[in-house]
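K.L.:
Dropping the structure in here first, questions after.
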Amino acid sequence: MKYAFRNAYFSSSFSRSINPNPKPHPPLSLLSPLHTAIPTSPASLRNLRPPLFPTRCCSSSSSSSPMADGQSHGPPPPPPSPSGTLLEKQFQHFRHHLDESVGLRDRIRAVATEIESATRLMHSSLLLVHQSGPVPEVLEKAKAQIGVLKEIFHRLAEILRECPGQYYRYHGDWRSETQTVVSLLAFMQWLETGNLLIHTEAEEKLGLNNSQFGLDIEDYLVGICFMSNELPRYVVNQVTAGDYDCPRKVLKFLTDLHAAFRMLNLRNDFLRKKFDGMKYDLRRVEEVYYDVKIRGLAAIGDSTGDQGIQGDS
């Protein structure tokens with residue numbers, strides 16, 4: 001405080017020495033608005049603060065500006081190119097085509113599930129053969145499912161008529177089921193007649209027409225290979241039950257079947273692997289027949305059948 005008063009005293013005395021006749025200051029009421037005192041209260045300071053976004057004075061002509069009509073000052077958007085329109089149409093067609101394909105495949109798989117269900121019932125009936133059950137009764141119970149399978153394959157053919165020329169596109173959806181059906185039908189044919197089920201006979205049993213919806217040749221051959229896997233077990237069970245002539249019959253049949261497969265030029269695929277499995281089936285039946293033969297359990301007068309087997313092998 002003392003320092004401030006001292007500075008004020010010296011400054012006033014210095015100004016008088018320079019200007020001995022100073023003019024009196026005008027009263028505060030005569031000062032211009034620019035020289036009025038600045039308020040120091042927080043509310044007044046807040047009022048004096050400039051706005052962050054200055055407002056524009058809107059004239060009457062602003063209502064006729066493009067912005068008021070909702071229009072922008074930029075250029076109009078370009079029209080769609082012809083290539084973009086064609087691309088969109090193409091993928092819309094693809095989407096429609098794929099949706100139809102998915103729906104058709106779901107229907108085919110539903111029918112294939114019914115084929116598998118009927119095949120399971122047929123297989124469970126044929127398993128009684130390995131327990132030395134009466135063959136006519138077992139076959140009669142298993143044949144009851146052939147009519148069911150024929151009706152199911154007929155419905156599958158009706159579905160495939162909706163997409164002509166697309167047989168092998170959807171063939172994988174029922175291939176394994178068809179191979180199992182052929183193997184069971186061939187096993188039933190052998191139990192009943194002792195002969196092999198021919199391809200045309202398999203188509204006839206399933207109600208298939210080769211011109212529209214037929215039985216694929218590879219599916220038939222794979223089914224025959226599956227059927228040969230059941231024969232070694234059948235031979236062992238029959239010998240256990242006292243049928244010592246069964247190994248000779250099965251060996252003759254498998255030898256002829258293996259020789260027929262030798263005529264085919266099979267590549268390294270699934271069918272080739274199944275054919276290689278047939279060789280092991282044939283070897284197992286030969287071992288059973290050998291055991292029966294050296295123990296003297298073979299039927300009397302079996303030498304004719306032995307000569308025929310040796311000639312075929």
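K.L.:
Can you tell me how many residues within the stretch 235-271 are assigned to a loop (DSSP other than H, G, I, E, B) and either in contact with a Ser or Thr (Cβ under 6 Å, 6 or more places away or on another chain) or at pLDDT 95 or above (or both)?
P.N.:
Of the residues in that region, 1 qualify.
K.L.:
Any idea how many residues of the stretch 129-148 are open to solvent by less than 70 Å² (accessible area, probe 1.4 Å), part of a helix (DSSP H, G or I) and within 16 Å of Tyr234 (Cα to Cα)?
P.N.:
Residues meeting the conditions: 5.
K.L.:
Same structure again: What number of residues within the stretch 190-220 satisfy the criterion of being open to solvent by less than 30 Å² (accessible area, probe 1.4 Å), closer than 29 Å to Arg284 by Cα and free of Cβ contacts under 8 Å to residues at least 60 places away in the same chain?
P.N.:
Looking only at that region, the number is 4.
K.L.:
Which one of the conditions (1) closer than 16 Å to Ile146 by Cα; (2) of a type outside the set (Val, Ile, Thr); (3) modelled with pLDDT under 95 does Leu184 fail to meet, given that it meets all the rest?
P.N.:
Just one mismatch for Leu184, condition (3).
K.L.:
Among the residues of the stretch 237-277, write down those that are of a type in the set (A, V, I, L, M), out of contact with any Asp or Glu (no Cβ under 7 Å at 6 or more places or on another chain) and crowded, with 18+ Cβ neighbours inside 10 Å.
P.N.:
Val239, Val250, Leu257
K.L.:
Among the numbered conditions (1) open to solvent by less than 50 Å² (accessible area, probe 1.4 Å); (2) part of a loop (DSSP other than H, G, I, E, B), tell me where Tyr168 comes up short.
P.N.:
(1)
K.L.:
Can I ask one more? Of (1) open to solvent by 20 Å² or more (accessible area, probe 1.4 Å); (2) in the same structural domain as Ser132 (by the TED database), Arg233 satisfies all except one. Which?
P.N.:
Condition (2) is where Arg233 drops out.
K.L.:
Give the residue that is modelled with the highest pLDDT, with candidates limited to residues of the stretch 272-313 that are under 13 Å from Val239 (Cβ atoms) and assigned to a loop (DSSP other than H, G, I, E, B).
P.N.:
Arg295
K.L.:
Also, quick follow-up: So Ser211 ticks every box in (1) in the same structural domain as Leu149 (by the TED database); (2) part of a helix (DSSP H, G or I) but one. Which box is left unticked?
P.N.:
Condition not satisfied by Ser211: (2).
The values are calculated or read from the model by the stated rules, or taken from the named source; none is laboratory data. Quick caveat, the model's predicted, so the values are computed rather than measured. Positions of Cβ are backbone-derived with ideal geometry, glycine not excepted, and every protein chain shown enters the neighbour counts. Only protein heavy atoms, including side chains, enter the accessible area calculation; ligands, DNA and RNA are left aside. Shrake-Rupley method; radii C 1.70, N 1.55, O 1.52, S 1.80 Å.
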